[in-house]
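Handing you this structure, nothing more for now.
The values are calculated or read from the model by the stated rules, or taken from the named source; none is laboratory data. Remember, predicted model here, so these are calculated numbers, not experimental data. When we count neighbours, we look across all protein chains shown, and the Cβ atoms used for this are built from the backbone with ideal geometry, even at glycine.
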Amino acid sequence: MKILVFAEQRDGKLKKASLEAMSVGRELADATGGEAAAVVVGQGISGLAAELGKVGADKVFVGDDALFAAYSNDAFGLAVGKAAQAYGADGILFSATAMGKDLAPKVTARLGMGLLSDVTAYSVEGGSPLFRRPIYAGKAFATLTPVAGKPFAVTLRPNVFPVVDKAKAGEAVPLDHGVTPGDIKSVVQRILTAQGGLLDVAEANIIVSGGRGMKGPENFPILEALAKALGGAVGASRAAVDSGWIGHEHQVGQTGKVVSPGLYIACGISGAIQHLAGMSSSKVIVAVNKDPEAPIFKVATYGIVGDLFEVLPLMTKAVEELKAKG
């Protein structure tokens, strides 16, 4: 089986989620007696082929062109589609990032492929891959396999799969993408980035989230202090976002971002099913809430029943003291 991985990059640097996807692609290829390749698109990104080779890419299709300086699903969709056709891909893997979730439907619709989204586990039985994904807001899981003989595509949830070093050739192959300016229906004029260099919750390995219990935007610096001490990102429930206390880019949940960090600290979050759908796959969940009956405690690894305005400063102080001791 030939597996092609779309490797997402920003400013010439590969996203960790793409290295995770490449590791999955390598394992699927090995388990089915096939090959694994990657496609990376951008400007000034030729050197990324070697990095993808370290995690299992036999070859890397490189679309290095000024047309790809800014993301466009028109241009990227055509380029990735051309790479899939040139490689004869049986399966295409995308990361379930904002870009991956936007690009995957574009590519698969053009190629007439089926698409399975938000995969959190996989296996191979009888030479065929099986993919597991959450359904019904994470209350159940479905295991599916592609139709025999039909090409398929999946998006993989970030922070779920490990990056596995498995050096291969990583041979860079210039991609004959055939994209022209006329193929791009919308043009990016400029990109406005968030101030302060805050981590994206979708990629962070540690997230400190606040909900209605934060009582107002003036209290979010308490969360930010703990997140900074831990080297993590600040998240929020829909209630906090809808109240205007923090931007939508921080929202975790069914209508926000789905995350799978190593550590998720839920502060003043009751644990509505819509929020749990976005974070229940976290490896370790710590809940801080005054209400001992809050639903969040049912999924928490550790629970603290107490006033978050007393607990969080103590947690921040403890983390800083531990870091000071080395």
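Can we say I207 is assigned to a strand (DSSP E or B) and outside the structural domain of F68 (by TED's automatic domain parsing)?
Taking the combined requirement at face value, the residue satisfies it.
Grab the strands (runs of 3 or more DSSP E) fully contained in the range 263-326, keeping just those with 1 or more residues being outside the structural domain of A225 (by TED's automatic domain parsing), under 22 Å from A225 (Cβ atoms) and out of contact with any Gly (no Cβ under 6 Å at 6 or more places or on another chain).
On the way: elements: 263-267, 284-289, 302-305.
Those strands (runs of 3 or more DSSP E) do not exist here; none qualify.
Could I ask something else about it? Of the conditions (1) touching a residue at least 24 places away in the same chain (Cβ under 8 Å); (2) closer than 14 Å to K168 by Cα; (3) not hydrophobic (A, V, I, L, M, F, W, C), D30 satisfies every one except a single condition; which number is it?
The one condition D30 does not meet is (1).
Output the residues belonging to the range 53-74 that are under 14 Å from H177 (Cα atoms), small (G, A, S) and modelled with pLDDT of 95 or more.
G63
For the range 247-275, name all the residues that are modelled with pLDDT of 95 or more and aliphatic (A, V, I, L, M).
Result: V252, L263, I265, A266, I269.
Suppose the filter is surrounded by fewer than 16 Cβ atoms within 10 Å (Cβ to Cβ), among the small types (G, A, S), modelled with pLDDT of 95 or more and out of contact with any helix residue (DSSP H, G or I) (no Cβ under 9 Å at 6 or more places or on another chain); does G88 pass it?
Here the answer is yes, as G88 does meet what is asked.
Can I ask one more? Would you point out the residue of the range 199-229, among those that are within 22 Å of the chain's Cα centre (by Cα) and hydrophobic (A, V, I, L, M, F, W, C), that is modelled with the lowest pLDDT? Before the answer, list the steps.
As a first pass, look at the range 199-229 and keep what is within 22 Å of the chain's Cα centre (by Cα): 199-210, 224, 227-228.
Of the ones still in play, those that are also hydrophobic (A, V, I, L, M, F, W, C) are 199, 201-202, 204, 206-208, 227.
Values: L199: 78, V201: 91, A202: 87, A204: 92, I206: 97, I207: 97, V208: 98, A227: 96.
This residue is L199.
In the range 100-147, what residues are hydrophobic (A, V, I, L, M, F, W, C), in a strand (DSSP E or B) and closer than 23 Å to L78 by Cα? Before you say what the answer is, go through the steps one by one.
Let us first name the residues in the range 100-147 that are hydrophobic (A, V, I, L, M, F, W, C), namely 103-104, 107, 109, 111, 113, 115-116, 119, 121, 124, 130-131, 135, 137, 140-142, 144, 147.
Retained after the next criterion (residues that are in a strand (DSSP E or B)): 115-116, 119, 121, 124, 130-131, 135, 140-142, 144.
L115, L116 - these are the residues of the range 100-147 that are hydrophobic (A, V, I, L, M, F, W, C), in a strand (DSSP E or B) and closer than 23 Å to L78 by Cα.
Please tell me if A239 is surrounded by 18 or more Cβ atoms within 10 Å (Cβ to Cβ) and in contact with a strand residue (DSSP E or B) (Cβ under 8 Å, 6 or more places away or on another chain). Give the steps one after another, and end with the answer.
On the way: surrounded by 18 or more Cβ atoms within 10 Å (Cβ to Cβ): yes; in contact with a strand residue (DSSP E or B) (Cβ under 8 Å, 6 or more places away or on another chain): no.
The answer is no for A239.
Residue check: is G100 surrounded by fewer than 24 Cβ atoms within 10 Å (Cβ to Cβ), farther than 12 Å from L175 by Cβ and either modelled with pLDDT under 95 or not aliphatic (A, V, I, L, M) (or both)?
It is true that G100 is surrounded by fewer than 24 Cβ atoms within 10 Å (Cβ to Cβ), farther than 12 Å from L175 by Cβ and either modelled with pLDDT under 95 or not aliphatic (A, V, I, L, M) (or both).
Okay, residues lined up against (1) outside the structural domain of T97 (by TED's automatic domain parsing); (2) in contact with a Gly (Cβ under 9 Å, 6 or more places away or on another chain); (3) without any contact (Cβ under 8 Å) to a residue 12 or more places away in the chain; (4) of a type in the set (S, T, N, Q):
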position	(1), (2), (3), (4)
F6	no, yes, no, no
K13	no, no, yes, no
S46	no, no, no, yes
G53	no, yes, no, no
K59	no, yes, no, no
S72	no, no, no, yes
L78	no, yes, no, no
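Pull out all pairs, ordered by first then second residue, where Cβ-Cβ is under 6 Å, the residues are six or more apart or on different chains, the first lies in the range 131-145 and is in contact (Cβ under 8 Å) with a residue 24 or more places away in the chain, and the second is part of a strand (DSSP E or B).
Close Cβ pairs (under 6 Å, with a partner that is part of a strand (DSSP E or B)) amount to P134/F141; L144/F131.
Which residues, taken from the range 134-143, are at pLDDT 95 or above and either surrounded by 15 or more Cβ atoms within 10 Å (Cβ to Cβ) or in contact with an Asp or Glu (Cβ under 9 Å, 6 or more places away or on another chain) (or both)?
Passing the criteria: none in range.
Here is a further query. Can you tell me how many residues within the range 259-280 are of a type outside the set (S, T, N, Q), closer than 18 Å to V234 by Cβ and surrounded by fewer than 23 Cβ atoms within 10 Å (Cβ to Cβ)?
2
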